[in-house]
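Reading through the structure tokens given below for one structure.
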Amino acid sequence: MAHGGSFSSLCNVLERVAITSKNDAKLKIIFSPELRKVCAGASLYPLLRLILPHLDRERTYKLKEKKLAALYVELLGLSPTSADGKKLLHWTDPTIVTSRAVGDFSMVLQEVMQYRSKPKASNMTIQDVNQLLDELNEYDPEAGNVMAKKKQVLLKFITQFTAEEQKWLVRMVIKDLKVGIRHERVLQFIHPDAVEMFNHTNDLARVCSELTDSMVRYVPQIAPFQVFTPMLAKRLPFGECTQAMNSNSFYMEPKLDGERITCHVQTKEDGSREFQLISRNGINYTEKYGPCISSFVNTQVHQMFDVILDGEMLVWDSVEFKFLSFGSLKSVASEQVQGKNDHKWLCYVVWDIVYLGGKSASTLLAKLCPTIKTETTNIMGLPLTSRLKILSAVLTPLDHRVMRIEQTLVPASLSPVERHERVMADIDKRLSAGYEGLILKDATSHYMCGEVGRKSQRWIKLKPDYAGMTRQLDVIVIGGYYGSGSRRGGAVSHFLLGVLERPLSENDFSVPVVSFCKVGTGYSMEELDALRKHLAPHWQPWEVNKLPSYFDGWSPKSDTKPDVWIRPEDSVCVEIYGFELTYTTEYQTGLTLRFPRLKAIRYDKSWSECLTMAQLNTMKGQQFNQ
Ligand code: ATP
């Protein structure tokens, strides 16, 4: 029914809508399956401007009831004092119009035209009607008599349409269909963002041409150098995180501990590039951080494009070979500018692109997202997966200067249990690598600024809440794992921790220890160096047949299997804390600590004072809530 659909069918639909009481039922009649079939691939605009004529800003006929009545009387050759002439001219007067049509010009007109119009439905299409209405809208002052054109069109109404069809035509001209449905309901039906976009743009044609796919969302356009709050993540409990992603694929990213920065790059007329760095709160950091990274951004962002990138500013330490925490950002930026530091520098880690402009933007969009209308597409409205494709095309990462964040896709095809396991495994990995947590991002989600984004729950942050833990656990180092990297490599850097199977009684040193968890975070390099020195003489290689009997029956998986072991008497006690105690088959205790961190190395404590299995079980029962 779109362009080629018949106008008389549309009138029938409108009749039915008018007498249907419920909104949902009205919408179902308007957007029938047949209509959807006919409209597939075609724009809804020709139809919607007839159904929602008051939203059609392109046609302002300057014809209201009074004028229309006079024109009809004239064109029909009626005497103003005849019964029908009077009805048309005094359509609100109940002494003249005695039917229930009184007060409704279009209905009065229908009554008057009942025996004056053709009885059979017209064969006009929606396209024909739109053309006629365009003509009715034409205003050519040069033409002398401005009404002449309008009269020609109205004459066509009279001669080529039935009385009922004229009623609807006139309602379209008056811009009030009287079918009892709010335009918001109709717009919502065509796209979840149609109302918002119409409110911003006042442009029904644009709404119809841009919002054709509910996966492509409308977001008010952002331009380079405009301050906006970047999309925020919502914190959710671990148990709820995968459900929150619905059944969509999602990306897992480490949660970085730097400064949230959007990076704006635009090429000026003369070919030079303008560049700005803006923080989450709208502070311009171009002067502070710009000198450290602008040259890298300029070379790594393709010259043809203007972009706004979203990401985190961090400090890279090339000796420690890791990112440093937020605290050092400003001082390192100053040192870098002054040339004082040659092994620490700023690195911008990018995770999203929210604006794409420049000469080649529409060509790139047409290539990467062929189904999207390129010239007007706001890329914030694209699903994250598409934005990341664009990001790959416009940014060539440079290690430790301008990088892409590590993004691991968890596909929709996995079962909920598998998805949850993937997240838990990744968060374990990230936390033991020293990250604060994990961010999950719905791969189908569009970019929403600030709190709107947070409320949408399309980005979720997972951070263990260590605050809930009120007690530390005293445990003993019973094994070790070799580290990797320039500082941690070459010696033990992670530790297998154990507890006593039962309390030691006096002179009884035969009590076995049992494995409980593995820790690799919470200590400084200095603390690690001291601990390494302390334990180095006592490590023994992990050789299956040469292990103490208390490890009998334990067959750890590769990640948990230590490289070396140590006798408790030669070892040290450490204080650890974590997120929660959970059941496991991985360690001999049957319990382990999720996301363990080292609090202190207790050289002062004897191994005999460390926790026992029984105490651990009691703590599991209380789960640190005492
Ligand atoms: P909130 O942001 O909820 O107000 P907050 O300021 O304490 O709380 P965090 O809980 O630390 O912030 O998390 C939000 C911040 O996480 C963001 O502003 C952003 O800088 C940072 N962040 C780190 N990694 C990512 C990532 N991969 N994706 C999105 N944001 C990230």
Go through the range 167-195 residue by residue and tally those that are more than 30 Å from P220 (Cα to Cα) and without any contact (Cβ under 8 Å) to a residue 60 or more places away in the chain. 1
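State whether one or more residues within the range 442-465 are over 25 Å from the mean Cα position of the chain (by Cα) and not assigned by TED's automatic domain parsing to the domain that holds H534. Step through it out loud before you land on a result.
Let us first name the residues in the range 442-465 that are over 25 Å from the mean Cα position of the chain (by Cα), namely none.
So far as the range 442-465 goes, no, none of its residues is over 25 Å from the mean Cα position of the chain (by Cα) and not assigned by TED's automatic domain parsing to the domain that holds H534.
Is it true that F323 is buried (at least 21 other Cβ atoms within 10 Å of the Cβ), away from the ligand (no atom under 16 Å from the Cβ) and within 27 Å of the chain's Cα centre (by Cα)?
The answer is no for F323.
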Looking at G381, is it crowded, with 17+ Cβ neighbours inside 10 Å, more than 24 Å from S247 (Cα to Cα) and either within 12 Å of the ligand (Cβ to nearest atom) or not assigned by TED's automatic domain parsing to the domain that holds Y523 (or both)? no
Read through the list (1) in the same structural domain as G327 (by TED's automatic domain parsing); (2) within 16 Å of the ligand (Cβ to nearest atom); (3) surrounded by 21 or more Cβ atoms within 10 Å (Cβ to Cβ), then give the number of the only condition that N281 fails. (3)
Among I379, I427, which is of a type outside the set (S, T, N, Q) and under 30 Å from V519 (Cβ atoms)? I427
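Taking the condition in contact with a helix residue (DSSP H, G or I) (Cβ under 8 Å, 6 or more places away or on another chain), surrounded by fewer than 18 Cβ atoms within 10 Å (Cβ to Cβ) and either touching a residue at least 24 places away in the same chain (Cβ under 8 Å) or farther than 22 Å from G522 by Cα (or both), does R597 pass? Let's see the steps before the verdict.
Working: in contact with a helix residue (DSSP H, G or I) (Cβ under 8 Å, 6 or more places away or on another chain): yes; surrounded by fewer than 18 Cβ atoms within 10 Å (Cβ to Cβ): no; either touching a residue at least 24 places away in the same chain (Cβ under 8 Å) or farther than 22 Å from G522 by Cα (or both): yes.
Spelling it out, it is not the case that R597 is in contact with a helix residue (DSSP H, G or I) (Cβ under 8 Å, 6 or more places away or on another chain), surrounded by fewer than 18 Cβ atoms within 10 Å (Cβ to Cβ) and either touching a residue at least 24 places away in the same chain (Cβ under 8 Å) or farther than 22 Å from G522 by Cα (or both).
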Flagged in the range 240-278 as within 22 Å of S415 (Cα to Cα), aromatic (F, W, Y) and either in a loop (DSSP other than H, G, I, E, B) or more than 11 Å from the ligand (Cβ to nearest atom) (or both), in numbering order, are F250
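Of these, S413, S456, which one is at pLDDT 85 or above, within 15 Å of T242 (Cα to Cα), out of contact with any Leu (no Cβ under 9 Å at 6 or more places or on another chain) and within 15 Å of the ligand (Cβ to nearest atom)? Talk me through it step by step, then tell me what you get.
Working: S413 fails: within 15 Å of the ligand (Cβ to nearest atom).
On inspection, the qualifying residue turns out to be S456.
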H302 vs (1) out of contact with any helix residue (DSSP H, G or I) (no Cβ under 6 Å at 6 or more places or on another chain); (2) at pLDDT 90 or above: all pass except (1)
Which of the residues belonging to the range 383-439 are assigned to a helix (DSSP H, G or I), among the small types (G, A, S), in contact (Cβ under 8 Å) with a residue 24 or more places away in the chain and more than 15 Å from R594 (Cβ to Cβ)? A393
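If we scan the range 534-556, do we find a residue that is in the same structural domain as L497 (by TED's automatic domain parsing), in a strand (DSSP E or B) and aliphatic (A, V, I, L, M)? First the steps, then the outcome.
So the first thing to find is which residues in the range 534-556 are in the same structural domain as L497 (by TED's automatic domain parsing), and the list is 534-556.
Right, trim to in a strand (DSSP E or B) and you get 540-541.
Cutting the leftovers down to aliphatic (A, V, I, L, M) gives us none.
No, the range 534-556 has no match at all.
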Are any residues in the range 319-342 in contact with a strand residue (DSSP E or B) (Cβ under 7 Å, 6 or more places away or on another chain) and closer than 16 Å to D399 by Cα, and if so, which ones? F323, L324
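Conditions tested, residue by residue: (1) within 20 Å of A443 (Cβ to Cβ); (2) assigned by TED's automatic domain parsing to the domain that holds G437; (3) in contact with a His (Cβ under 6 Å, 6 or more places away or on another chain).
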position: I353; (1), (2), (3): yes, no, no
position: T363; (1), (2), (3): no, no, no
position: L391; (1), (2), (3): yes, no, no
position: R419; (1), (2), (3): yes, yes, no
Taking the range 2-55 as the search range and keeping residues that are touching a Lys or Arg at 6+ places or on another chain (Cβ under 8 Å) and polar (S, T, N, Q), which one is modelled with the highest pLDDT? T20
Just for the range 326-363: of the residues that are more than 15 Å from the ligand (Cβ to nearest atom) and among the acidic types (D, E), which one is surrounded by the most Cβ atoms within 10 Å (Cβ to Cβ)? E335
Taking the criterion of being surrounded by 18 or more Cβ atoms within 10 Å (Cβ to Cβ), over 19 Å from A425 (Cβ atoms) and within 14 Å of the ligand (Cβ to nearest atom), would at least one residue in the range 291-300 satisfy it? no
Residues in the range 234-276 that are buried (at least 20 other Cβ atoms within 10 Å of the Cβ) and small (G, A, S) total 1
For the range 192-203, state whether one or more residues are of a type outside the set (D, E, K, R), buried (at least 16 other Cβ atoms within 10 Å of the Cβ) and more than 25 Å from R387 (Cα to Cα). no
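The values are calculated or read from the model by the stated rules, or taken from the named source; none is laboratory data. Because the structure is predicted, anything quoted here is derived from the model rather than measured. Neighbour counts run over all protein chains shown; Cβ positions are idealised from the backbone, glycine included.
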